[in-house]
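The values are calculated or read from the model by the stated rules, or taken from the named source; none is laboratory data. This is a predicted model, so every value here is computed, not measured. Neighbour counts run over all protein chains shown; Cβ positions are idealised from the backbone, glycine included. The area values use the complete protein model at the heavy-atom level, side chains included, leaving out ligands, DNA and RNA. Shrake-Rupley method; radii C 1.70, N 1.55, O 1.52, S 1.80 Å.
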Amino acid sequence: MPKHFFVLGLDPLRLSYLKYLPNAHDYRFHPLFWLEEVVNPATFDYDVMLERARQKLAAFPEPIAGIIGHWDFPTSVLLAHLSELFGLRSASLEAVLKCEHKYWSRLEQRKVMPEWTPGFCAVDPFAENPRKQLSLDFPFWLKPIKAHSSYLGFRIENEAAFDEALKKIRAAVHSCGDPFNQALAHIEVPEEVGPVDGNWCIAEEILTGKQCGIEGALLDGQYRVHGIVDTVKDSRNLSFTRYEYPSVWPRYAQQKICAAGEKILQHMGFDNSAFGIEFFWDEREDRFWILEINTRISQSHCDQFVKVHGVSNHLVPIELACGRLPDFRRYRGDYRTAAKFMLRRYRDTVLQQAPPEVQIEHVERDFPGSNVIIAAEEGHRLSEQSMPDSYSFEIANIWLGAQDQQQLLDHYHQLAGSLEFHFADGGRPEPFQFNCVRY
């Protein structure tokens with residue numbers, strides 16, 4: 001008898017990864033909202049989405065084995081909320097919101113791991129004088145309490161930059177902040193969080209060093225990390241350029257962040273779910289910092305797991321639903337290393353012409369196992385695309401596998417350089433604005 005799973009934000013690409021599962025024929029996957037409904041919608045009503053999903057699940061005639069999510073809010077919170085309503089295995093709604101509310105999460109991190117927690121303070125962007133709320137010196141990062149992919153995140157160098165960032169935040173923060181507040185209304189938020197809600201911001205100390213993330217799962221208190229992924233930024237340390245798997249960090253550093261992940265999640269009361277935690281490591285001072293906690297597997301890592309293990313990280317929620325912790329050591333793929341690259345432009349302009357489909361097909365034949373998806377839309381300014389980060393514009397996503405890091409980077413240079421984009425300013429993509437990570 002097949003096991004039925006509902007997938008939040010299902011799309012053809014992620015559906016293709018679900019085929020890379022052991023005994024995939026034993027599972028049936030059903031969409032619970034489509035991609036455009038839960039990923040970067042211009043605006044949405046959380047409670048309306050919750051009720052729509054509840055009705056769809058309640059009407060399903062067969063037993064439901066679990067709900068799968070690989071996107072940020074609202075997907076991550078809907079998953080926990082719906083799982084609670086239908087008695088499915090998942091972290092509690094309170095634990096998920098505690099991790100995802102940036103200020104609340106920092107308060108909890110500081111209680112249990114103060115030496116790993118950067119300096120921070122809450123900022124109401126609509127206050128009469130937000131500067132009075134600052135307890136950090138310039139420079140610092142300013143981010144909404146709830147956002148993702150660096151959206152509305154700004155490096156603040158001085159008071160003028162602070163004021164300019166607040167203007168942009170005030171104009172757009174409600175699109176995600178209001179629905180997040182609807183989700184918060186379903187639990188009791190502790191008094192220490194106070195009035196800090198989804199439309200507030202957090203100012204955080206700027207972290208230095210390399211960035212890396214662990215993906216793992218907990219099952220009835222059992223903790224296991226199934227993958228460590230290097231998150232590499234550009235040479236200015238502002239925009240993400242690739243997610244590389246497996247990590248090239250030294251074993252000592254990997255062991256430190258894995259142990260830290262278990263400590264913080266146990267403190268949060270987070271259990272029976274997948275997770276991802278991002279860390280910084282300052283190699284010179286040998287200092288570690290927690291950047292953020294995600295309450296899901298990452299859709300950005302699916303292809304890398306397929307290439308390295310022959311199995312998508314969707315195996316994690318499937319195994320958890322069946323009462324098992326996943327073990328990727330059992331699986332081998334065709335490559336020893338793999339990455340998702342984000343090809344970027346750093347100046348706003350109009351994309352006049354993207355690489356034609358025939359050219360992309362040719363490039364993908366030249367680099368077996370590669371996958372190229374154009375992220376920008378022809379005839380539009382790059383700044384008009386959905387939720388760009390504050391410093392650059394993603395124009396393409398490129399997935400590649402290789403037998404070592406040097407081959408991986410060489411192939412990326414060759415592939416990215418062969419894609420023909422035409423911009424109104426006559427410029428080119430900037431595929432080389434990233435740091436290599438070697439030890």
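Points worth noting:
- Cβ-Cβ FRET estimate between His267 and Asp47, R0 fixed at 25 Å, reported to 0.05: 0.25
- For segment 171-213, pairs of C-alpha atoms spaced more than 12 angstrom apart make up 71 percent of the total.
- Dividing the helix sum by the residues of the chain, where each DSSP H run of 4 or more adds -39500 (n - 2.57), gives a mean residue ellipticity at 222 nm of -9500 deg cm²/dmol.
- Choice from Leu166, Leu85, Leu219 with maximal GNM fluctuation in the chain (Cα, 10 Å cutoff): Leu85
- Fully extending the segment from Gln133 to His4, taken as 0.36 nm per residue of separation minus the present Cα-Cα distance, adds 41.5 nm.
- Two-decimal Rg/Rh across segment 354-422, once Rg and the Kirkwood Rh are taken from alpha-carbon atoms: 1.00
- Whole-number Å³ per residue for the convex hull built on Cα positions in segment 252-314: 108
- For segment 176-292, the alpha-carbon radius of gyration amounts to 1.21 times the rule-of-thumb value 2.2 N^0.38 Å expected for a compact globular protein.
- Three-way shape call for the chain based on the alpha-carbon gyration tensor, with the a/c threshold at 1.5: rounded
- Extension gain, Leu15 to Glu188: 0.36 nm times the residue separation minus the Cα-Cα distance gives 58.7 nm.
- Equivalent-ellipsoid semi-axes of segment 1-99, from the Cα gyration tensor, Å, largest first: 21, 16, 13
- Shape category assigned to segment 66-118 from the gyration tensor of Cα positions, a/c cut at 1.5: prolate
- FRET efficiency, 1/(1 + (r/R0)^6) with R0 25 Å, evaluated for Ser235 and Gln352 via beta carbons: 0.35
- Percent breakdown of C-alpha pair distances by 5 Å bin, ordered from the shortest bin, for segment 1-46: 5, 20, 26, 21, 13, 8, 6, 2
- For segment 124-168 and segment 28-101, distance of Cα centres in Å: 31
- Shown here is the pair-distance distribution of segment 42-184: with all Cα-Cα distances grouped in 5 Å bins from zero up to the longest one, the shares run 2, 8, 16, 18, 17, 14, 10, 7, 5, 3, 1, 0 percent.
- Loop-located chymotrypsin sites (Phe, Trp or Tyr not before Pro) in segment 325-418 (DSSP state other than H, G, I, E, B) with a sparse environment of at most 16 neighbouring Cβ atoms within 10 Å: Tyr331, Tyr346, Tyr391.
- Loop sites in segment 1-82: trypsin sites (Lys or Arg not before Pro), DSSP, at most 15 other Cβ within 10 Å: Lys19
- Normalised by 2.2 N^0.38 Å, where N counts its residues, the alpha-carbon radius of gyration of segment 139-205 equals 1.16.
- Note: segment 19-66, Cα convex hull, 95 Å³ per residue.
- Trypsin sites (Lys or Arg not before Pro) restricted to segment 176-271 and DSSP loop, no more than 14 other C-beta within 10 Å: Arg236
- Within segment 252-396, the percentage of alpha carbon pairs spaced more than 26 angstrom apart rounds to 46%.
- Förster-model FRET efficiency, 22 Å R0, His174 and Tyr391, C-beta, rounded to 0.05: 0.45
- For the chain, with all protein chains in place and a probe radius of 1.4 Å, 47% of the accessible heavy-atom surface sits on carbon or sulfur.
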